[in-house]
Amino acid sequence: MKLNGINESNTFTLYFKVLFIMESENKETHLEDLSEIRSMMERSSTFISLSGLSGIVAGLIALVGSGLAYYRLESFYRSTESLEIPFANLYDIRTELITDFILIACVVLVSAIVFGLILTARQARKKGQQLWGSTSKRLFLNLAIPLITGGIFCLILIHHGIYGIAAPASLMFYGLALVNASKYTLRDIRMLGYIEIALGLLASFFIGNGLLFWAIGFGVMHIVYGTIMYFKYDKNA
Amino acid sequence: MANDGIIANLNKAFENRIRLGIMSILMVNDVVDFKQLKEMLQTTDGNIASHINTLEKKGYVAITKQFIDKKPNTSYSATKAGKNAFKSHLNALEKLIKHK
């Protein structure tokens, strides 16, 4: 009976030894399995290839655009101050200013999107994601709905001559679009969205400083966030 | 005897990388079609199809065949049994790594 007991415990020790060796050999595989699971879950549900560099470029373009708009505004003020302009012409000069503003905004938007697409396509190649795959389509749709609504709304504001609220509204809708889209991409985007919304609300309180808030929201914040994301994701891709 | 239980919870069906990938994708996406699976797994059609079949036989994956714009479309989703099996596989993996 006693002998039997010793035998039994010996077999147990051996059994655990085998298990131990098996597990330590497998540990590497298990870790690889877990990281594979994580990456598959991430890659299949969120678009992780947003490029930080594209944020920096978009911010720089926006700053240049704001500079141009500021310069244009100054020349408008100077021309209205001179007494030689007949009152009737003032309306034309004002319309010209608004047209130029919209033109600058459109050029800024288009060039930022083009650079963003080029840089993001590069990042997607590195990460093994498709630029136009199921994840980026979902991201695009969720970004586009609030953004296009906001864009049309701003044009309507301008149409009615409510210029002061147009710039703050564009910041708010952009922020809402980012918060909405952040579920389908890198989480950092959500915080950027909150900041844009706050800036938009502040700007609608301090009407007349639209250009300044635009430069902060679309220029400075993009550069800050682009830099953060560049060091967080791009570099070790 | 705790170790014995852990080994038992590791699911042979998920030992293969492709099958592991398919289940991971189906855990976070309700419905996925063949094209999307191929896009994410980056392997051959035949390879994906055979692993999907294995998972279906086990009752872990449900296959829906339908026509979208007169084109055949096959979509996949994880069954409740599949999700539970994958969760316990994950827990077993986690425990194994924490033990060491």
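The values are calculated or read from the model by the stated rules, or taken from the named source; none is laboratory data. All figures in this text were calculated on a predicted structure; none of them were measured in a lab. Note that we place each Cβ from the backbone using ideal geometry, even for glycine, and neighbour counts take in every protein chain shown. For the accessible areas, the whole protein counts, side chains as well, though only heavy atoms, and no ligand, DNA or RNA atoms are used. Shrake-Rupley method; radii C 1.70, N 1.55, O 1.52, S 1.80 Å.
Quick check, is residue A:229 closer than 28 Å to residue A:36 by Cβ and either open to solvent by less than 70 Å² (accessible area, probe 1.4 Å) or of a type in the set (Phe, Trp, Tyr) (or both)?
yes
Is there a residue in the range B:3-23 that is β-branched (Val, Ile, Thr), out of contact with any His (no Cβ under 7 Å at 6 or more places or on another chain) and open to solvent by 70 Å² or more (accessible area, probe 1.4 Å)?
So far as the range B:3-23 goes, no, none of its residues is β-branched (Val, Ile, Thr), out of contact with any His (no Cβ under 7 Å at 6 or more places or on another chain) and open to solvent by 70 Å² or more (accessible area, probe 1.4 Å).
Would you check which residues across the range A:199-218 are open to solvent by 70 Å² or more (accessible area, probe 1.4 Å) and assigned to a helix (DSSP H, G or I) and list them?
Selection gives A:201, A:202, A:205, A:212, A:214.
Filter the range A:26-76 down to the residues that are more than 21 Å from residue A:139 (Cα to Cα), touching a Phe, Trp or Tyr at 6+ places or on another chain (Cβ under 9 Å) and away from every other protein chain (no Cβ under 14 Å) and list them by number.
Listed by number, the residues that qualify are A:61, A:62, A:63, A:65, A:66, A:69, A:72, A:73.
Count, please, the residues in the range A:167-198 that happen to be open to solvent by 30 Å² or more (accessible area, probe 1.4 Å) and touching a strand residue (DSSP E or B) at 6+ places or on another chain (Cβ under 8 Å).
Number satisfying all stated conditions: 1.
Return the residue satisfying two criteria in turn: it lies in the range B:28-59 and is farther than 18 Å from residue A:45 by Cβ, part of a loop (DSSP other than H, G, I, E, B) and more than 12 Å from the chain's Cα centre (by Cα), and of such residues it is farthest from the other protein chains (Cβ to nearest Cβ).
By that ranking, first place goes to B:44.
Being β-branched (Val, Ile, Thr), modelled with pLDDT under 90, open to solvent by less than 70 Å² (accessible area, probe 1.4 Å) and part of a helix (DSSP H, G or I) is true for just one of A:61, A:93. Which residue is that?
Step by step, each of A:61, A:93 is checked, and only A:93 is β-branched (Val, Ile, Thr), modelled with pLDDT under 90, open to solvent by less than 70 Å² (accessible area, probe 1.4 Å) and part of a helix (DSSP H, G or I).
Can you confirm whether residue B:65 is open to solvent by 50 Å² or more (accessible area, probe 1.4 Å) and assigned to a helix (DSSP H, G or I)?
It is false that residue B:65 is open to solvent by 50 Å² or more (accessible area, probe 1.4 Å) and assigned to a helix (DSSP H, G or I).
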